[in-house]
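Below is a structure I'd like to ask you about.
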């Protein structure tokens with residue numbers, strides 16, 4: 001199976017920035033008491049910065065920087081800090097479009113330690129992978145959805 005080396009995505013940055021900017025503007029113009037408004041605005045800035053660093057720029061230790069699908073259908077995910085995770089793809093939780101693919105991985109039940117129970121989303125834009133790998137991934141995922 002193919003191995004996918006992820007790169008920081010400019011397209012995802014252009015998607016995330018306006019989204020968080022719109023939420024910030026909405027909070028700014030909402031008629032809320034100023035302490036609540038300031039607190040919500042700070043939360044939006046902090047969560048936006050963390051999400052962009054982790055999912056777009058791939059600069060956090062927990063960022064997924066490489067993926068590989070095993071022949072048995074399980075995926076090996078490499079984090080930036082060097083740890084590897086064995087996960088199963090949740091077919092029904094993802095999103096597939098011509099320019100964006102969202103994959104959601106869940107722990108493999110037999111090998112999941114107690115604290116590794118959370119799902120891991122991975123967002124892939126066209127510029128995250130090489131054009132050929134992105135196309136092959138989209139086709140493979142699209143065929144899987146139609147066959148299930």
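Tell me whether the stretch 121-132 contains one or more residues that are more than 18 Å from the chain's Cα centre (by Cα), at negative phi and modelled with pLDDT of 90 or more. Quick ask: steps written out before the conclusion?
The initial filter retains those residues of the stretch 121-132 that are more than 18 Å from the chain's Cα centre (by Cα), namely 131-132.
After this cut, where a residue has to be at negative phi as well, the list is 131-132.
If we keep only those that are modelled with pLDDT of 90 or more too, we end up with 131-132.
Yes: one or more hits.
Here is a further query. Read through the list (1) in contact with a helix residue (DSSP H, G or I) (Cβ under 9 Å, 6 or more places away or on another chain); (2) without any contact (Cβ under 8 Å) to a residue 24 or more places away in the chain, then give the number of the only condition that residue 42 fails.
(1)
Run residue 28 past the list (1) surrounded by 16 or more Cβ atoms within 10 Å (Cβ to Cβ); (2) farther than 22 Å from residue 126 by Cα and report the number of the one that doesn't hold.
Residue 28 satisfies all of (1) surrounded by 16 or more Cβ atoms within 10 Å (Cβ to Cβ); (2) farther than 22 Å from residue 126 by Cα except (1).
So, one more: Among what's in the stretch 97-115 and is in a strand (DSSP E or B) and at pLDDT 90 or above, pick the residue that is surrounded by the fewest Cβ atoms within 10 Å (Cβ to Cβ). Break it down into steps so the answer makes sense when it comes.
In the first step, residues of the stretch 97-115 are kept if they are in a strand (DSSP E or B); the result is 100-107.
Those left that are additionally at pLDDT 90 or above: 100-106.
Values: 100: 17, 101: 21, 102: 13, 103: 24, 104: 17, 105: 23, 106: 15.
Among those that are in a strand (DSSP E or B) and at pLDDT 90 or above, it is 102.
While we're on this one: Please identify the pairs in which a residue from the stretch 68-90 that is without any contact (Cβ under 8 Å) to a residue 12 or more places away in the chain has its Cβ atom under 7 Å from the Cβ atom of a residue that is surrounded by 15 or more Cβ atoms within 10 Å (Cβ to Cβ) and part of a strand (DSSP E or B), counting only partners at least 6 apart or on another chain.
76/68; 76/86; 84/76; 84/77; 84/78
Another question, if that's okay. Looking only at the stretch 1-33, which residues are under 12 Å from residue 52 (Cα atoms) and touching a residue at least 40 places away in the same chain (Cβ under 8 Å)?
8, 9, 10, 11, 12, 13, 15, 16
Also: Do we find a residue being surrounded by fewer than 14 Cβ atoms within 10 Å (Cβ to Cβ), modelled with pLDDT of 90 or more, closer than 28 Å to residue 14 by Cβ and out of contact with any strand residue (DSSP E or B) (no Cβ under 8 Å at 6 or more places or on another chain) anywhere in the stretch 58-79?
yes
Does at least one position in the stretch 80-93 carry a residue that is farther than 24 Å from residue 52 by Cβ, assigned to a helix (DSSP H, G or I) and at pLDDT below 90?
Within the stretch 80-93 (the criterion being farther than 24 Å from residue 52 by Cβ, assigned to a helix (DSSP H, G or I) and at pLDDT below 90), the answer is yes, since at least one residue qualifies.
The values are calculated or read from the model by the stated rules, or taken from the named source; none is laboratory data. In this text, all values refer to a predicted model and were calculated from it rather than measured experimentally. We place every Cβ from the backbone using ideal geometry, glycine too, and count neighbours over all the protein chains shown.
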